[in-house]
Amino acid sequence: MRREILYIELLIALLFISSCKPEIKERPLMIKNLDTLYLPLKPLEFEAKGTDWDIRLYSMTQPIPLEISYIEKGFYLTQKNNFGVIEGPGHFCLISGENYFKYKVYLKNADKPLVKEIDYRSPKTVNTDSSLTHQKILISVDEWQNIYSVNKGNNLFEENIIKLPVTAGLYRAQFDLPLSSYYVQPGSCTSIPINSKFVKDRQIFNITAGPLKDQYGNLVADGTIVKFIYNDGTYTHSMESALLRGYASIEIPSIELKEYTLFAKIDDTESISINLRPL
Amino acid sequence: MRFFFIFLLTLVLFFLFLQGRTIERSSEKPIFLKIDEIALAHDSDIHIIVDSKFKPDTLQLETIKKDYNNIWAHLNNLYNTNDIISGKEYFTEKWFRQHANHYDGTVESFIKRQDKYHELHIKNWSSDGLICTAIDSNVIFTYTDYNLKVDTTVANFAVLLLYQGDNWRIDALKVLD
């Protein structure tokens, strides 16, 4: 009797162990067997058993959040948002308990994306004294950061060396893209025109240098220091003034009706010498 | 009088305590104090071939090699977990925003991707060293799935990298068929 009870217990234990074995599920069947999926994803139906499926759709760069809705014969998947992806090979993974199934798919964006050509320029600042050439790199990128061929041609990237305008100023290669900005800086002056005026009421000489222009006629940059050197016959003095809109000026007091000779200088460029007489 | 001073002192201490509580404490360290564990743990075999008109110097090549390795460390992490935050220093704002569109919290990884090998052909290098376009060819990936089955694939990419902040960042990508 005792032995029979033992056999029954063993039989129950065996039945219990066999019932604990993980359920083996069949590979869910994609109703429309698609190699390429277009995003945003239209409802994608699977024929499968069970309601405990966990899903992942991997694009080339990240998992795409999906929603699962169970129906009588299986389930269907929808995308949680309407955004596009980096196009390329991807994976579909379905998990239920110990059952794991993987599907290789190619992901593409369904809607025609907004492709924008980006014109990168370098260097950002050029000076008319040095080279007026510019490096231009063209790249086409869509709203989801996929690279496209430039000008719908065969090249993914295009590079050109272009000649810049000689007029100083701030430019944008593309109006709506601050990153494409560059600055043509005026060069150094080619000559220094100089004028003087004696102001009788205040007994001063008013000396003005300007307009100072570079070789292309651009006004020399504001803040450029002009050195005025003058001599009274015994001593040599100097004064400095910063350019503003192409002009720099100084005032020299007339002491004891002295006469001066004066010239202005920026680096190696000098003006002619003028005589200052208190008339 | 003594009670008045004690009351005043208590009031001041209470005020200071409340002020201390309202000060916002940022838990995020500045970038130069952070240790990027993900990038540190990643070491892909990257070969750089320069085909551009303007040539980067040795230091610039070393920098882009290191940063490209870090970019892929974070791209793999993004692929595995959808964690967009960890790698934000290696993504441009546009790249980050685009990927944030698909952020629905981090997820448990069903597939783990690793990049093993890259041949980075630099096609354009801006004269100021801030823009780089490249073709990354013969990239070897291993995908370890849920059942620990390992798949090896080879891929080719076109990439646009921008030097922003202190390092190179990925801005755009195309998988070449």
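Annotations
- Using θ = phi - 60° and Karplus 6.51 cos²θ - 1.76 cosθ + 1.60, couplings along segment A:136-146 (whole Hz; Gly, Pro as x): 10, 10, 9, 9, 9, 10, 8, 5, 9, 6, 8
- Peptide ranges B:40-46, A:59-65 listed from the most packed, as the mean C-beta count within 10 angstrom indicates: A:59-65, B:40-46
- Rg to Rh, two decimals, where chain B supplies the alpha carbon set and Rh follows Kirkwood: 1.24
- Protection proxy ranking of A:272-279, A:244-251, by the mean of other Cβ atoms within 10 Å over each peptide's residues and highest first, is A:244-251, A:272-279.
- Tail weight of P(r) past 15 Å, computed on alpha-carbon pairs of segment B:97-177, percent: 69
- Ordered by solvent-accessible area of protein heavy atoms (1.4 Å probe), largest first, the residues A:143, B:119 come out as A:143, B:119.
- Amide H contacts of residue A:213: A:190, A:191, A:220, each under 5 Å away and 5 or more positions distant or on a separate chain (H built 1.01 Å from N in the peptide plane; Pro and chain starts excluded).
- Sequentially through segment B:158-166, phi angles give Karplus couplings (6.51, -1.76, 1.60; θ = phi - 60°) of 10, 10, 10, 10, 10, 8, 9, x, 10 Hz, Gly and Pro residues having no value and appearing as x.
- Within segment A:129-219: Cβ-based charge dipole about Cα centre, in debye rounded to nearest 20 (Lys, Arg +1; Asp, Glu -1): 620
- Sparsely packed loop sites in segment B:23-88 (the GluC sites (Glu not before Pro) outside DSSP H, G, I, E and B with at most 11 other Cβ atoms within 10 Å) comprise B:24, B:28.
- Residues of segment B:83-105 that bury at least 40 Å² of accessible area when the other protein chains are present, relative to the chain alone (probe 1.4 Å, heavy atoms, ligands and nucleic acids excluded): B:94, B:98, B:99, B:101, B:102, B:104.
- Report summary: the helix-based calculation at 222 nm, which adds -39500 (n - 2.57) for every DSSP H run with n ≥ 4 and divides by the residues of chain B, gives -10500 deg cm²/dmol.
- The mean number of Cβ atoms from other chains found within 10 Å of a Cβ in peptide A:52-63 is 6, as a whole number.
- Ranking B:103, B:118, B:130 by Cα position along the charge dipole of segment B:67-159, where only Lys, Arg, Asp and Glu carry charges on their C-beta atoms, puts B:118 farthest toward the positive end.
- For the peptide B:146-153, the mean number of other protein chain Cβ atoms found within 10 angstrom of a residue's Cβ is 2.
- Packing-based order for B:53-59, A:114-120, using average beta carbon neighbours within 10 Å, highest first: A:114-120, B:53-59
- When +1 charges are put on Lys and Arg Cβ atoms and -1 charges on Asp and Glu Cβ atoms, the dipole computed for the protein assembly as shown relative to its Cα centre reaches about 600 debye.
- Mean projected area in nm² (Cα convex hull; one quarter of hull surface) for segment A:166-279: 8.7
- Among A:75, B:5, the order of accessible area from largest down is B:5, A:75, computed with a 1.4 Å probe on protein heavy atoms.
- Built amide H within the under 5 Å cut-off of residue A:41, gap 5+: A:79
- Dividing the summed -39500 (n - 2.57) terms of all DSSP H runs of n ≥ 4 by the residue count of chain A sets its mean residue ellipticity at 222 nm at -2500 deg cm²/dmol.
- Per-residue mean of C-beta atoms belonging to partner chains within 10 Å, peptide B:68-75: 0
- For segment A:1-145, the normalised intensity computed at q = 0.09, 0.14, 0.20 Å⁻¹ comes to -0.51, -0.78, -1.17 (log10 of I(q)/I(0), Debye sum over alpha carbons, equal scatterers, no solvent).
- Dipole magnitude of segment B:1-147 about its Cα centre (Cβ charges: Lys, Arg +1; Asp, Glu -1), debye to nearest 20: 660
- Using the Karplus relation 6.51 cos²θ - 1.76 cosθ + 1.60 with θ = phi - 60°, the per-residue 3J(HN,Hα) values for segment B:90-100 come to 10, 10, 6, 4, 5, 4, 4, 4, 4, 6, 5 Hz, with x marking Gly and Pro.
- Cα-Cα pairs of the protein assembly as shown separated by more than 28 Å (percent): 68
- For the residues A:222, B:166, a 1.4 Å probe over the protein chains yields an accessible-area ranking, largest first, of B:166, A:222.
- With the charge dipole of chain A set up from +1 on Lys and Arg Cβ and -1 on Asp and Glu Cβ about the Cα centre, the Cα lying farthest toward the positive end among the listed residues A:60, A:243, A:164 is that of A:60.
The values are calculated or read from the model by the stated rules, or taken from the named source; none is laboratory data. The shown structure was predicted, so the numbers you read here are calculated from the model rather than taken from an experiment. With ideal geometry, Cβ positions are generated from the backbone for all residues, glycine too; neighbour counts draw on all protein chains shown. To get the accessible areas, we keep the full protein, side chains included, count just its heavy atoms, and leave off ligands, DNA and RNA. Shrake-Rupley method; radii C 1.70, N 1.55, O 1.52, S 1.80 Å.
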